[in-house]
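Down below is the structure, laid out as C-alpha cells.
Every read-out reported here was derived from the displayed coordinates using simple, explicitly stated rules and does not represent laboratory data. What you are looking at is a predicted structure, and each value in this text was computed from that prediction instead of being measured. Ideal geometry is used to build each Cβ from the backbone, glycine not excepted, and the neighbour counts take in all protein chains shown.
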Amino acid sequence: MAKKSKDRWGIEEDEPEAATEAPICWLCGRVTGETVVWHHPIPKSRGGRETVPMHPVCQNFLIANFTTSELQRHGMDAGSLLADPAVAKFVSWVANKDPDFTAPLARKQR
C-alpha cells in the first residue's frame, strides 16, 4: 500500500511505491539497467503519446536505422520491428550484454 505524506501546504497525497524491479526493454526484452530511456514508439512529431522503457543502446539503434515515417508505420508493435533482419541481428547481438552496455552505432546507409 502506498505511503501517505503531506506536501508543503499540508495536503495529504499518496507517495509512489518504490519500484522493486527494473522495467523490461520494449525492443530486446531484457531487464533495463540504471539508465532507462522512455521512448515514443510512434514519434511525437507523428502524434505519438505513449512511451515505453528501453535501453539507451536499443533506442539509439532505432533512431539510427529508421525514419520517423517507418517508426510510425510499425507503431506500438515491437514484433513487426523484430521481423526486420537488421533488428533481429541487433537483438541477438545485444542479448548477452550487460543492461548498462552502451556502444556507438553506425547509421544505415540510405
Taking the Cβ of each residue in Leu62, Leu82 as the centre, tally the other Cβ atoms inside 10 Å and list the residues starting with the fewest. Leu82, Leu62
Please order Met54, Met76 by the number of other Cβ within 10 Å, starting at the fewest. Met76, Met54
Assertion target for His55, His74, ordered by fewest C-beta neighbours within 10 angstrom first, is His74, His55
Per the charge dipole of the stretch 49-110 (beta-carbon charges, Lys/Arg positive, Asp/Glu negative, Cα centre), the residue among Ala64, Leu81, Thr51 reaching farthest to the positive end is Ala64
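May I ask for the net charge around Glu34, where only other residues with Cβ less than 11 Å from the Cβ of Glu34 are counted and Lys, Arg are +1 while Asp, Glu are -1? Intermediate values should be presented prior to the final figure.
Numbers: positive: none; negative: Asp98, Asp100.
Net charge in that neighbourhood comes out at -2.
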